[in-house]
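K.L.:
Here's a structure for you.
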Amino acid sequence: MKYIQDNNIKGYRETNQFAEDLRRDWGIDSYSPVDIFSVAIEKLPNLTLILLPLGEKISGCCSKVVDDQIILINSEHSKGRQNFTLAHELYHLIYEDNEEWLICGHDANSSSEEEANNFASSLLMPDSALNDYEKKNNIVKWNLENIIHCEQFFQISHTAMLYRLRLINGSITYDEFTRYKLNVKNEAMKLGFSTELYEPSNDSKKYFLLAIIYV
């Protein structure tokens, strides 16, 4: 974690622990990928998930009133980013007290948003899982190919994967971080992967609702 400023290390460790604890509470081990949409609906009482176009700048938003909880996800963003946004919004719902609509987007730059981002990254791909993945795949040096393999395995967005390796682990240089941002869909196709992780929802899921109501 050498790329995190000293005054942020404690906060990162706390949110990372929250994510590990939540996985444990939900019966998910610390090493496996997670279908965050299915698990959130199954484990969180009275949660309604709604996918709909929200424009370029808004990633998602959430609200809870008494026992009712709602999360809106931007269906115009890529599937990987939607996964990250849902994990991000779960932090706001579970660990913060806020009964008003909380909107999260590009311009959000608060400690709460930073904590939610760290939590989302750790929930989708805990430190122990990333370390285990490196060992099992004999990764000494990260390159674009093994980055794509890893993000496909954990279903985490390409941007979140790069930020994790650069800012938290310090495993790639700034030049690599910048270079690896480009042409990821083409590179994924060359490696035989579907490009779904890097694309927005198709028309059938542009407007979509998931909900389980407990009575």
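K.L.:
For helix 6-25, report the angle its Cα long axis makes with the longest principal axis of the Cα atoms of the chain; keep it between 0 and 90° and round to the nearest 10°.
P.N.:
60
K.L.:
Also: Which entry in (1) -0.55; (2) -0.64; (3) -0.43 is this structure's computed log10 I(q)/I(0) by the Debye sum over Cα atoms at q = 0.10 Å⁻¹?
P.N.:
Read-out from the structure maps to (3).
K.L.:
So, one more: In square angstrom, what is the accessible area per residue of region 31-101 with a 1.4 angstrom probe?
P.N.:
With the other protein chains kept in place, region 31-101 gives 43 Å² per residue.
K.L.:
Sticking with this structure for a sec: Would you mind getting me the FRET efficiency between Asn46 and Phe153? Use the beta-carbon distance for r and R0 = 45 Å, nearest 0.05.
P.N.:
Efficiency computed from Cβ-Cβ geometry: 0.90.
K.L.:
Scanning the chain for trypsin sites (Lys or Arg not before Pro) in DSSP loops with at most 11 other Cβ atoms within 10 Å, what's the longest stretch left with none?
P.N.:
58-140
K.L.:
Work out how much length Trp26 to Tyr174 would gain on full extension: take 0.36 nm times their residue separation and subtract the Cα-Cα distance, in nm to one decimal.
P.N.:
This chain segment gains 49.7 nm when fully extended.
K.L.:
Using a Gaussian network model of the chain with C-alpha springs under 10 Å, which one of Met125, Met161, Met189 is most mobile by mean-square fluctuation?
P.N.:
Looking only at Met125, Met161, Met189, the biggest GNM fluctuation is shown by Met189.
K.L.:
Next question. Helix 127-136 versus the longest principal axis of the chain: what is the Cα-based angle in degrees, 0 to 90, to the nearest 10?
P.N.:
40
K.L.:
Please build a GNM for the chain, connecting alpha carbons under 10 Å apart, and tell me which residue among Ser63, Ser111, Ser201 fluctuates the most.
P.N.:
Ser111
K.L.:
While we're on this one: Helix 111-124 against the longest principal axis of the chain: what's the angle in degrees, Cα atoms only, rounded to the nearest 10?
P.N.:
70
K.L.:
OK, next. If the only charges are +1 at each Lys and Arg Cβ and -1 at each Asp and Glu Cβ, what is the size of the charge dipole of the chain around the Cα centre, to the nearest 20 debye?
P.N.:
800
K.L.:
Report the full-extension gain for the segment Ser112 to Asp132: residue separation times 0.36 nm, less the Cα-Cα distance, to one decimal in nm.
P.N.:
4.3 nm
K.L.:
Do the sum for the chain: with -39,500 (n - 2.57) for every DSSP H run of n ≥ 4, divided by all residues, what is the mean residue ellipticity at 222 nm, to the nearest 500 deg cm²/dmol?
P.N.:
One gets -14000 deg cm²/dmol as the mean residue ellipticity at 222 nm.
K.L.:
Rounded to the nearest 10 Å², what accessible area does Tyr95 have for a 1.4 Å probe in the complete protein model?
P.N.:
Rounded to the nearest 10, that gives 80 Å².
K.L.:
Now for a different question. Loop only per DSSP, at most 11 neighbouring Cβ atoms within 10 Å: give me the GluC sites (Glu not before Pro) in region 53-157, ordered by residue number.
P.N.:
Sparse-neighbourhood loop GluC sites (Glu not before Pro): Glu56, Glu99, Glu100.
K.L.:
7 Å from Cα along Cα→Cβ at both Val65 and Arg13: what's the point-to-point distance in nm?
P.N.:
So the label points at Val65 and Arg13 sit 4.1 nm apart.
The values are calculated or read from the model by the stated rules, or taken from the named source; none is laboratory data. Predicted, not measured: the structure shown is a model, and the values here were computed from it. Backbone-built Cβ (ideal geometry, glycine too); neighbour counts: all protein chains shown. Please note that ligands, DNA and RNA were not included when accessible areas were found on the heavy atoms of the full protein model with its side chains. Shrake-Rupley method; radii C 1.70, N 1.55, O 1.52, S 1.80 Å.
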